[in-house]
Amino acid sequence: MPRTEFISTGFHVPERVVSNAELTQWWETSDEWIRERSGIRERHWVEGGKQAGSDLALEATRIALERADMQPGDLDCIIYATLSPDHFFPGSGVYLQRKLGVPGIPALDVRNQCTGFLYALSVADGWIRMGQYRRILVVGAEVHSTGMDFGPAGRDLGVLFGDGAGAVILGPTGDDGRGVLSTHLFADGRHAELLWCESDASAHNPRISHEDLDAGRQYPKMQGRDVFRHAVTRMPETVKLALETNGLGIADVKLLIAHQANLRINEMVAKHLGLREDQVYNNIDRFGNTTAATIPIAIDECVQAGRLARGDLLILTAFGSGFTWGSAAIRW
Ligand code: ACO
């Protein structure tokens with residue numbers, strides 16, 4: 001069975017940069033609080049109503065295609081991870097497919113929030129290994145800024161999120177030592193309501209009511225401390241599992257890219273694992289939490305900065321709403 005290699009990567013964020021100071025026009029907060037508690041300095045937001053997540057995904061994909069010297073028609077399959085789809089249905093994958101001008105190829109949406117990219121990568125890896133598809137585009141793309149509560153109740157979550165997209169093109173490699181070595185995925189639905197968006201919802205009738213709107217149930221809600229506590233436990237666990245599965249140790253890790261939800265979480269994860277600073281990559285200061293897009297954006301930045309060379313061991317891990325979490329080990 002072939003392994004799955006990363007053929008190319010790309011990312012795109014909207015032009016508009018929103019600083020922490022800018023957020024004080026809506027919320028009672030400060031640059032100091034946001035930097036100290038989350039590590040975020042700024043984020044990118046779309047011009048609301050003019051750019052959808054699939055537009056960001058399209059730009060990220062164009063870059064990845066160009067770097068691979070490929071055309072959209074060379075793709076066999078699209079897997080699109082997002083918690084903020086352009087519409088309730090159909091999925092965003094079909095919009096991206098339409099914008100790429102490649103009717104016919106399958107387009108799968110993955111709805112696993114911050115772990116979405118890892119779930120998508122794992123599905124793509126399985127399909128490539130079994131020979132079902134040879135060129136799979138995996139995208140993580142989010143537009144959070146149009147779904148925020150700009151009233152006082154929205155502050156805690158509103159300061160954390162940014163918009164953006166990351167894309168990777170995957171394919172089989174004949175080199176058995178390289179590529180995706182393993183993926184591990186987990187979920188625990190007992191905690192679903194600790195980080196969720198309640199409405200609109202087919203579980204309700206009507207799906208959304210005036211009462212829901214008045215109560216702000218259309219906005220995401222998070223029990224931050226609980227999420228934090230689980231994240232700092234689950235991510236190290238799953239990184240250790242990735243290493244053990246492959247007979248590897250911490251010293252073998254060239255780079256750990258963890259989901260970018262909070263710099264303090266990632267610092268605790270690195271400390272717990274005994275990783276040196278140069279073994280870890282964070283970019284939350286510039287992008288905030290872009291959910292399914294954080295990992296592919298960070299991978300692309302590392303590739304462009306020359307921080308990943310052929311043969312390096314890359315470990316990915318994520319934790320988020322669901323709860324869902326997981327890891328991947330990749331020999332670059
Ligand atoms: N500005 C100013 N003050 C604030 C802000 C803000 N933006 N947000 C909260 N505060 C206040 C609180 O009201 C509280 O005040 P109080 O002490 O008077 O009650 C105080 O600051 C401390 O609040 P905490 O919630 O305890 O702050 P904490 O240090 O836990 O940081 C945070 C909050 C950043 C949300 C953190 O808990 C966190 O990062 N949690 C995990 C996030 C995460 O991993 N999400 C998963 C991925 S997202 C996804 O899957 C979609």
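The values are calculated or read from the model by the stated rules, or taken from the named source; none is laboratory data. Predicted model, so just to flag it, every value in this text is computed and none were measured. Note that each Cβ is placed from the backbone with ideal geometry, even for glycine, and that neighbours are counted across all protein chains shown. The accessibility values were calculated without ligands, DNA or RNA, using every heavy atom of the protein model including side chains. Shrake-Rupley method; radii C 1.70, N 1.55, O 1.52, S 1.80 Å.
Over the stretch 227-274, give the accessible area per residue in Å² for a 1.4 Å probe, as an integer.
Each residue of the stretch 227-274 exposes 44 Å² on average to a 1.4 Å probe.
Counting pairs of alpha carbon atoms under 8 Å apart in space and at least six apart in sequence, what relative contact order in percent does the chain give?
26 percent
May I ask you to order 254-260, 184-190, 238-244 by the average number of other C-beta atoms within 10 Å around their residues, highest value first?
Order by mean packing, descending: 254-260, 238-244, 184-190.
Over the stretch 111-185, give the accessible area per residue in Å² for a 1.4 Å probe, as an integer.
32 Å²
For residue 280, what residues show an amide H to amide H distance below 5 Å, using hydrogens built from the backbone and excluding near sequence neighbours?
Here the answer is 256, since their amide H atoms fall under 5 Å of that of residue 280.
Would you compute, from DSSP H runs of 4+ residues alone, the mean residue ellipticity of the chain at 222 nm, taking -39500 (n - 2.57) per run and dividing by the full residue count, rounded to the nearest 500?
Result for the chain, helices only: -9500 deg cm²/dmol.
Loop-only chymotrypsin sites (Phe, Trp or Tyr not before Pro) in the stretch 61-142, please: DSSP not H, G, I, E or B, and at most 16 other Cβ atoms within 10 Å.
88
Is the shape of the stretch 89-229 rounded, prolate or oblate, going by the alpha carbon gyration tensor and its root eigenvalues a ≥ b ≥ c, with a/c under 1.5 for rounded and a/b larger than b/c for prolate?
Because a/c hits 1.5 or more and a/b exceeds b/c, the stretch 89-229 counts as prolate.
Counting only residues 5 or more places away or on other chains, whose amide H sits under 5 Å from the amide H of residue 110 once H atoms are built in the peptide plane?
HN-HN under 5 Å from residue 110: 80, 81, 82.
Among the lysines, which have Cα under 27 Å from the Cα of residue 271 when same-chain residues fewer than 8 positions away are ignored?
Qualifying lysines at Cα under 27 Å: 240, 254.
Which one of 165, 192, 261 has the biggest mean-square fluctuation once the chain is modelled by GNM with Cα springs under 10 Å?
Answer for the Gaussian network model of the chain: 192.
Run down the lysines and flag those whose C-alpha is under 23 Å from the C-alpha of residue 50, throwing out any fewer than 8 positions away in its chain.
Within the straight-line limit of under 23 Å, residue 50 reaches these lysines: 99.
Assigning unit charges at the beta carbon (Lys, Arg +1; Asp, Glu -1) and nothing else, what dipole magnitude in debye, to the nearest 20, does the stretch 1-156 show about its Cα centre?
I would put it at about 500 debye.
Grab the beta carbon distance between residue 47 and residue 272, set R0 = 30 Å, and tell me the FRET efficiency rounded to 0.05.
After rounding, the FRET efficiency stands at 0.15.
Can you send over the carbon and sulfur percentage of the accessible area for the chain, probe radius 1.4 Å, protein chains only?
48 percent
Could you give the distance between the Cα centres of the stretch 17-39 and the stretch 40-75, to the whole Å?
Answer, in whole Å: 26.
Between residue 200 and residues 5 or more places away or on another chain, which pairs have amide H atoms under 5 Å apart, with H built 1.01 Å from N, and which residues are they?
Result for residue 200 returns nothing.
Which ³J(HN,Hα) values, rounded to whole Hz and listed in residue order, are derived for the stretch 76-85 from phi using the Karplus coefficients 6.51, -1.76 and 1.60 in 6.51 cos²θ - 1.76 cosθ + 1.60 with θ = phi - 60°, glycine and proline given as x?
Karplus-based 3J(HN,Hα) across the stretch 76-85 equals 9, 6, 10, 10, 10, 9, 6, 9, 10, x Hz.
Can you grab the distance from the C-alpha centre of the stretch 186-252 to the C-alpha centre of the stretch 254-332, Å, no decimals?
18 Å
Most mobile of 209, 321, 54 per a Gaussian network model of the chain (Cα springs, under 10 Å)?
Sorting by GNM fluctuation, first place goes to 209.
Quick check: convex hull of the Cα atoms in the stretch 1-132, volume per residue, rounded to a whole Å³?
Convex hull of Cα atoms, per residue: 142 Å³.
Using θ = phi - 60° and the Karplus form 6.51 cos²θ - 1.76 cosθ + 1.60, what ³J(HN,Hα) does each residue of the stretch 38-44 get, whole Hz, x for Gly and Pro?
10, x, 8, 9, 7, 8, 10
Can you give the Kirkwood hydrodynamic radius of the chain from its Cα pairs, in Å with one decimal?
In the chain this quantity evaluates to 19.9 Å.
Rounded to whole Hz and in sequence order, give me ³J(HN,Hα) for the stretch 215-220 from the Karplus expression 6.51 cos²θ - 1.76 cosθ + 1.60, θ = phi - 60°, writing x for Gly and Pro.
These are the phi-based 3J(HN,Hα) values: 7, x, 6, 7, 9, x Hz.
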